[in-house]
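Data first, discussion second: the structure below is written as structure tokens.
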Ligand SMILES: NC(=O)c1ccc[n+]([C@@H]2O[C@H](COP(=O)([O-])OP(=O)(O)OC[C@H]3O[C@@H](n4cnc5c(N)ncnc54)[C@H](O)[C@@H]3O)[C@@H](O)[C@H]2O)c1
Ligand SMILES: [Zn+2]
């Protein structure tokens, strides 16, 4: 292996594995070859610690990289065409056998101008200075005490403009000091360190971190008071409501309970004021939409008004909220929430340090605007290249009976439509299998398995607590856990009768009651579906308890539709015909009963029933799922208190 590549892997892995260095996120590294013609540099998409002989780097021709900055044609382009062209030209400067399409770091130019070994990081302890008004003064004094003369690079729009300015400043430094700068601080950005060997570069990084650390006195310790589950759930629902009112988007809300940093921050008198300054750096702007918002209390209406006024001023809505006395909340898709929480925590800490050094130095409106426009361009491209959005994107749904049969099909259908689905059932193992299948059918979808006995009040309450703790809201309930004890009236044991009433009526009621309570508090409407049956409309033989309960489910739904309509909650039923696929109701014993009832052989039962339908078409789980998705979607916005019969044409409602 080329010595330069071996060195690159060494400095990348060493810095990437040290939390003190990478805390605060990001960074890249490079090493130039002995002949000075090439440079190995970290590629985007792989973490520093994961780089190895085959992964996470590209090799660039240095003259080609530097020629981009000298190209007059590029200089004349408007900002966004120019940045795209620079990225393309960097890819063209690659001279290696890597075929993954991984892109060399967009900061490649900066690396090309420095000494052979370059480490660039955004550590928290450095951010404390480069994001503070007097940070430069304090830092230069501290460095001077150890004989170090760092180069300070004032904030410049990232990409081409930064590269140009960087080149000028490095040349000036070299003219003045007779050598290239070894340490560079980039305002509102981070640290560059450069040296002529791997060990020297790592030593220098550690020295800078130590000096920065020494200059920062500890922040007052904070301890989080344990907030009640109720107040946390209430805050989540309020935030979700306000985000929906302002954007029409359904977002999950996550809570981060034990953070010393957040606790310390909340204990300050100037906490609110420290969060009035916008994003500290491009990362905070791009990932967290700017600084977190401070809330004295989490109430939906005033928060919605606040967010609306941001929209009117053309500002991005924050993704993170710090609620006095409670802590940090993040309104974002789950896969992004962790990163946003980390960036926000870092930012809170940096803001507290910056307060001691003349105050927070944040991005100006113009600087933010540059990043926003650039980002939205990139985002637009991503959308064009096929961002998947379903009719129920990010709706939070609960499905009972999700371990088997129709509940399972419906859970899959809702997930296909983009919803996040809580799979509730007494059969946890089989529900976990549903989750596995959904992950296969729609990669990236969100599910949670929640063991729940729908007949137990306590179990139902606990199940909803789990959903709120995980996603912070609720939009859809599908009651599907049901039983069909097949007995002739004269043979029906009373315990089977009672059991069916418990699951099919009490279970539907308990689930709907809990759902209604949450939907009313959340205040953005919702949809409840009772999965009934054609037997709920037209009685069938040997089905006493089933007829009674399935009919009862329809009528309960009508009453709920009346009660909840004013809150924007729609309640409807789906009445499937016979669905054999995957159902435990249609078990061999039940099939035998049906065969006997109709004087046919068991294997003739399915064709016999299919033949009774107008469409002569077997009903599948997906057919019922589609009916449920329709009723839950905005396309059914004026439909409530109704029953949608999905039976291939057997029972006619009028
Ligand atoms: N399959 C059909 O032909 C058909 C037709 C019309 C309506 N339906 C309705 O669809 C629903 C599901 O029927 P299926 O055929 O898919 O049945 P199924 O037996 O295959 O699935 C029912 C699921 O409910 C779960 N369950 C039972 N008791 C529970 C409890 N107390 N708490 C939580 N979960 C419980 C079971 O573990 C099972 O996973 C029922 O409400 C049924 O009335 C089915
Ligand atoms: Zn950077």
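The values are calculated or read from the model by the stated rules, or taken from the named source; none is laboratory data. On a predicted model such as this, the values are computed, not experimentally measured, just so you know. Heads up, the Cβs are rebuilt from the backbone with ideal geometry, glycines too, and the neighbour counts pull from every protein chain shown.
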Contact list, first residue from segment 99-111 and outside the structural domain of residue 87 (by TED's automatic domain parsing), second anywhere and crowded, with 16+ Cβ neighbours inside 10 Å and assigned to a helix (DSSP H, G or I), beta-carbon distance below 7 Å, six or more apart or interchain, is none
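Here is a check on your reading of the model: is residue 388 modelled with pLDDT under 95 and surrounded by fewer than 16 Cβ atoms within 10 Å (Cβ to Cβ)?
Values: modelled with pLDDT under 95: yes; surrounded by fewer than 16 Cβ atoms within 10 Å (Cβ to Cβ): yes.
So residue 388 passes the test.
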Of those in segment 149-164 that are modelled with pLDDT of 95 or more and more than 33 Å from the chain's Cα centre (by Cα), the residue farthest from ligand 1 (Cβ to nearest atom) is 149
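Can you tell me which residue among 547, 572 is in contact with a strand residue (DSSP E or B) (Cβ under 7 Å, 6 or more places away or on another chain) and assigned by TED's automatic domain parsing to the domain that holds residue 419? Don't jump to the end; show me each part of the working.
Working: 547 fails: in contact with a strand residue (DSSP E or B) (Cβ under 7 Å, 6 or more places away or on another chain).
From the options 547, 572, the qualifying one is 572.
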Being under 27 Å from residue 370 (Cα atoms), buried (at least 17 other Cβ atoms within 10 Å of the Cβ) and either more than 16 Å from ligand 2 (Cβ to nearest atom) or assigned by TED's automatic domain parsing to the domain that holds residue 358 (or both) narrows 168, 136 down to just 136
Flagged pairs (Cβ under 6 angstrom, 6 or more apart or on separate chains; first in segment 447-460, closer than 11 Å to residue 509 by Cα; second part of a loop (DSSP other than H, G, I, E, B)) are 454/481
Counted residues in segment 337-362 being surrounded by fewer than 23 Cβ atoms within 10 Å (Cβ to Cβ), in contact with a helix residue (DSSP H, G or I) (Cβ under 7 Å, 6 or more places away or on another chain) and over 14 Å from residue 128 (Cα atoms) come to 1
Those helices (runs of 4 or more DSSP H) completely within segment 37-132 that have 1 or more residues that are within 27 Å of residue 206 (Cα to Cα) and more than 16 Å from ligand 1 (Cβ to nearest atom) are 108-112, 124-130
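Please enumerate the residues belonging to segment 16-33 that are at pLDDT 95 or above and either surrounded by fewer than 15 Cβ atoms within 10 Å (Cβ to Cβ) or within 15 Å of ligand 2 (Cβ to nearest atom) (or both).
Taking segment 16-33 first, the residues at pLDDT 95 or above are 29-33.
Answer for segment 16-33, where residues must be at pLDDT 95 or above and either surrounded by fewer than 15 Cβ atoms within 10 Å (Cβ to Cβ) or within 15 Å of ligand 2 (Cβ to nearest atom) (or both): 29, 30.
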Within segment 544-559, restricting to residues that are touching a residue at least 24 places away in the same chain (Cβ under 8 Å) and touching a helix residue (DSSP H, G or I) at 6+ places or on another chain (Cβ under 6 Å), the one that is farthest from ligand 1 (Cβ to nearest atom) is 544
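So that you can scan it fast, the table gives a plain yes or no per residue for (1) modelled with pLDDT under 95; (2) touching a strand residue (DSSP E or B) at 6+ places or on another chain (Cβ under 9 Å); (3) in a loop (DSSP other than H, G, I, E, B); (4) closer than 24 Å to residue 511 by Cβ:
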position	(1), (2), (3), (4)
366	yes, no, no, no
378	yes, no, no, no
382	yes, no, no, no
414	no, yes, no, yes
429	no, no, no, yes
Pairs returned, first residue in segment 185-210 that is part of a loop (DSSP other than H, G, I, E, B), second residue that is surrounded by fewer than 23 Cβ atoms within 10 Å (Cβ to Cβ), beta-carbon separation under 6 angstrom, 6 or more apart or interchain, are 187/154; 187/155; 188/155; 196/115; 196/116
Reported set for segment 258-275 where residues are touching a strand residue (DSSP E or B) at 6+ places or on another chain (Cβ under 8 Å) and assigned to a loop (DSSP other than H, G, I, E, B) is 259, 275
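Are any residues in segment 520-532 buried (at least 24 other Cβ atoms within 10 Å of the Cβ) and either at positive phi or not assigned by TED's automatic domain parsing to the domain that holds residue 407 (or both), and if so, which ones?
Listed by number, the list holds a single entry, 526.
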Of the listed residues (275, 348, 339), the one being over 22 Å from residue 158 (Cα atoms) and either under 22 Å from the mean Cα position of the chain (by Cα) or outside the structural domain of residue 262 (by TED's automatic domain parsing) (or both) is 348
